Amino acid sequence: KYLEALRIFVAREGEWSPNAAGLSMNIGSIYQKQGRLDDALRMYKRALRVFRRGLGDGHRRVPYALSSVADCLRNKGQLERAMAKFEEAHAILVGLYGEDHEEVAQVIVSMAFVLRDQGKGAEAIAMQENAVDIHRRTLGSDHDRVASLLLNLGVSYCDGGMLDEALARFEEGLGIVRRIHPERNATEAVILVNMGIVCSRQGKLE
């Protein structure tokens, strides 16, 4: 259906239609979920070209498309190319919104994942810490997104063998989740499991 709609938009509005580019992004996302990475990348790049030409490099849809291209490249194992696209998206977003913005933090997290994939654990953790700080300032400390980032950060510390730091992040995330969700929550369970793993590795078996 998306492909049919794309053909209609292109026929009516031309190849450089922003509506067609938006549909290309949706189709690319579907292809990526299906594991059709080359097809997804083709769609994302098509959308990126249209956004650049029709809206200009400084438009907010350009970094959105750049991040999708980068994520697809990361999935293909092309880590240096992925990082270059994420860095370009980051620069545009900082120009649009400044350093303290949720979308800036999201790209920083994506860049951290690339660094982790490259085996640069310490650099990845530093970026994740930065993203947590940005979200605290923009969303407040007691927010689901902050708790989720702390969970991921704790896992990164654990993977790096820094168990005390991991446990501290898990405990902080757990406190946030319990304050904003007095009822039982799936994230709470995931954090508790990870805390159990850390305690086991520390020899704290009770």
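Tabulated data for the structure shown
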read-out	value
Those residues of segment 46-65 which are within 14 Å of LYS85 (Cβ to Cβ) and outside any helix (DSSP H, G or I), in sequence order	ASP57
Selection count, segment 182-196, where residues are in contact with a helix residue (DSSP H, G or I) (Cβ under 7 Å, 6 or more places away or on another chain) and farther than 13 Å from LEU151 by Cα	1
Total residues in segment 178-206, condition within 16 Å of LEU167 (Cα to Cα) and either touching a Leu at 6+ places or on another chain (Cβ under 9 Å) or of a type in the set (A, V, I, L, M) (or both)	15
Residue within segment 30-45 that is in contact with a Gly (Cβ under 6 Å, 6 or more places away or on another chain), at pLDDT 95 or above and in a helix (DSSP H, G or I) present	yes
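The values are calculated or read from the model by the stated rules, or taken from the named source; none is laboratory data. On a predicted model such as this, the values are computed, not experimentally measured, just so you know. Here the Cβ is made from the backbone with ideal geometry for all residues, glycine too, and neighbour counts use every protein chain on show.
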